[in-house]
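This report refers to the structure that appears directly beneath it.
The values are calculated or read from the model by the stated rules, or taken from the named source; none is laboratory data. What you are looking at is a predicted structure, and each value in this text was computed from that prediction instead of being measured. To get the accessible areas, we keep the full protein, side chains included, count just its heavy atoms, and leave off ligands, DNA and RNA. Shrake-Rupley method; radii C 1.70, N 1.55, O 1.52, S 1.80 Å.
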Amino acid sequence: MFNKIKIILRSNWVLAVVSGLILGLSFNYHFLWFFSFIGLTPIIHLIYRRELKIKQILLLGAITGWIFSAIVMIWHWSILP
């Protein structure tokens, strides 16, 4: 079981997606403000890894940003009259 979790955590794009999801949720719901710190942890972990190149880091940051923006935009569209 733990081997499967290690494999999932090693895949970089999964960490980027999870980071974007958690950050989006923490932004939309004010009572989940503490999730913002939890959501930053995977993306900071990816940035400070030694084996990733700068292009990979930028792509993973863009994935996180796109997912975060998509969740925030869904929330904004839902409050429009």
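Accessible area per residue, 1.4 Å probe, Å², for the chain: what's the number? Show your work: numbers first, answer last.
Values: 6310 Å² over 81 residues.
Roughly 78 Å² per residue, with all protein chains present.
Using a 1.4 angstrom probe on heavy atoms only, work out the carbon and sulfur share of the accessible area of the stretch 11-62 in %. Kindly include the intermediate steps, with their values, before the conclusion.
Numbers: 2710 of 3610 Å².
The C+S portion of the solvent-accessible surface of the stretch 11-62 is 75 percent.
Quick one: helix 12-28 against the long Cα principal axis of the chain, what's the angle to the nearest 10°, folded into 0 to 90?
Its long axis makes an angle of about 20 degrees.
For the chain, just the Cα atoms, rotate onto the principal axes and tell me the three extents in Å, largest first.
47, 31, 19
Pick out which of Ile44, Ile63, Ile54 has the largest mean-square fluctuation in a Gaussian network model of the chain, springs linking Cα atoms closer than 10 Å.
Ile54
Angle, helix 54-79 long axis vs. longest principal axis of the chain, Cα atoms, 0 to 90°, nearest 10?
Helix 54-79 sits roughly 20 degrees off the main axis of the chain.
Could you put His76, His45, His30 in order of accessible surface area, largest first, with the 1.4 Å probe and the full protein assembly present? Display every interim value, and only then the final one.
Values: His76 70, His45 95, His30 155 Å².
Sorted descending by solvent-accessible area, the residues read His30, His45, His76.
Can you tell me the 0 to 90 degree angle between the C-alpha axis of helix 35-47 and the longest principal axis of the chain, rounded to 10?
30
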